[in-house]
C-alpha cells in the first residue's frame, strides 16, 4: 500500500551541483529520473533526506531541498479531468513544480497510457467514485 507523504519539496539537482549530494547507492537511479523540477515527498532519516516519488526513494543531502506547500493530489490518486467534451478519470503518475506560479503540475495515466497534457489543480477534481471507502466501525 502506498502512503501519502506529509511534507513535500523540490530538489533541483543537476550533475554539476555535485554527486556528493546524492547517496552513492542511489545516484544512478536519481540521475535517471531527471529530478530537477519534480515534486517529492520527503522525510529526514539520520544524516540524509529521503525523497519519495511514490514508487522510489532516494537519499540526498539537504543542501538543495526547497519545501513547498502540500499538493491536493499525490502519485497514485485517481482524479477526474475533462477530455474533449467529456469527463474522464486518470491516475496521477508524476508531479512537477511550477516555480513561477508556485503550484503543482500533474501528469496522468489513463486507459493504460501516459497523457501528454500537464494539468493544474484547477483542471482536476475528485468524484465520489474516486474516493476510497473506509470500512465502517460498529460502536
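Which log10 I(q)/I(0) values, to two decimals, does the chain give at q = 0.14, 0.15, 0.18 Å⁻¹ under the Debye formula with one point per Cα? For the requested q values the scattering log ratios are -0.70, -0.78, -1.03. At q = 0.25 Å⁻¹, what log₁₀ I(q)/I(0) does region 78-127 have when each alpha carbon counts as one equal point scatterer in the Debye sum? After summing over all Cα pairs, the log10 values are -0.94. Residue separation of residue 20 and residue 44 scaled by 0.36 nm, minus their Cα-Cα distance, works out to 6.9 nm of gained length. Computed from the alpha carbon positions, the gyration tensor of region 8-68 leads to an equivalent ellipsoid with semi-axes of 14, 13, 12 Å, biggest first. The length gained on full extension between residue 100 and residue 63, counted as 0.36 nm times the residue separation minus their Cα-Cα distance, comes to 11.2 nm.
Taking 8 Å as the Cα distance limit and 6 or more residues as the minimum spacing, I'd like the relative contact order of region 66-125 as a percentage.
The value is 27 percent.
Residue separation times 0.36 nm, minus the C-alpha to C-alpha distance between residue 85 and residue 116: what's the value?
9.4 nm
Here 13, 48, 74 are placed in order of increasing Cβ neighbour count within 10 Å, fewest first, which gives 48, 74, 13.
For the chain, the mean residue ellipticity at 222 nm estimated from helices alone is -1000 deg cm²/dmol, where every DSSP H run of n ≥ 4 contributes -39500 (n - 2.57) and the total is divided by all residues, rounded to the nearest 500. Placing a pseudo-label 7 Å from each Cα along the Cα-to-Cβ vector at residue 32 and residue 4 gives an inter-label distance of 2.9 nm.
A short reminder: the numbers here are calculations on the coordinates, not readings from a lab. Source: prediction; values computed, not measured. Cβ sites come from the backbone with ideal geometry, for glycine too, and all protein chains shown count toward neighbours.
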